[in-house]
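Colleague: My questions will all concern the structure given below.
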Amino acid sequence: MILHLEIQRSPRQDLVSRSYPEEVFPGIHLVHARFGFMETPDVTIALAGAACKGLRIDPNATFFLGWHLVRARTRHGLAGIKMRLFAYMQRRSAQAAEFFRMPTKRVVVLATEVEI
């Protein structure tokens with residue numbers, strides 16, 4: 001199952017049309033979930049909506065999440081300060097698993113280092 005979360009331009013999304021499953025290949029489903037910009041995205045709510053529409057979901061499923069670790073190259077002057085500050089803020093920001101309210105004990109994070 002692949003989960004696609006989308007933030008809409010409306011403040012709230014209707015609960016009935018919030019999430020819907022789509023079978024892309026036999027045995028592979030794409031779950032579309034929409035949240036309004038005033039709502040906090042919640043993966044468990046999105047999956048519950050897809051389950052109500054007939055998709056069988058394992059309650060002990062593991063979530064795989066990609067994450068980019070930003071590192072600043074050595075630069076002098078104001079440009080270097082900006083890059084180091086950006087990299088620091090990115091490392092200290094809320095992680096996606098927390099933001100999307102994923103069950104943290106069942107999340108596997110795949111990290112990639114990116115140099116700016």
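Colleague: List pairs: first in region 44-59 and in contact (Cβ under 8 Å) with a residue 24 or more places away in the chain and more than 12 Å from Leu30 (Cα to Cα), second among the basic types (Lys, Arg) and part of a loop (DSSP other than H, G, I, E, B), Cβ under 6 Å, 6+ apart or cross-chain?
Modeller: Gly49/Arg18
Colleague: Could you tell me whether Ala48 is aliphatic (A, V, I, L, M), over 12 Å from the mean Cα position of the chain (by Cα) and within 19 Å of Glu6 (Cβ to Cβ)?
Modeller: So Ala48 fits the description; yes.
Colleague: A further question follows. From Glu113, Glu6, which residue is under 17 Å from the mean Cα position of the chain (by Cα) and among the charged types (D, E, K, R)?
Modeller: On the way: Glu113 fails: under 17 Å from the mean Cα position of the chain (by Cα).
The match here is Glu6.
Every number in this text was worked out from the coordinates using simple rules, so none of it is lab data. All values reported here derive from a predicted model rather than from experimental measurement. Here Cβ is always computed from backbone atoms with ideal geometry, including for glycine, and neighbour counts include all displayed protein chains.
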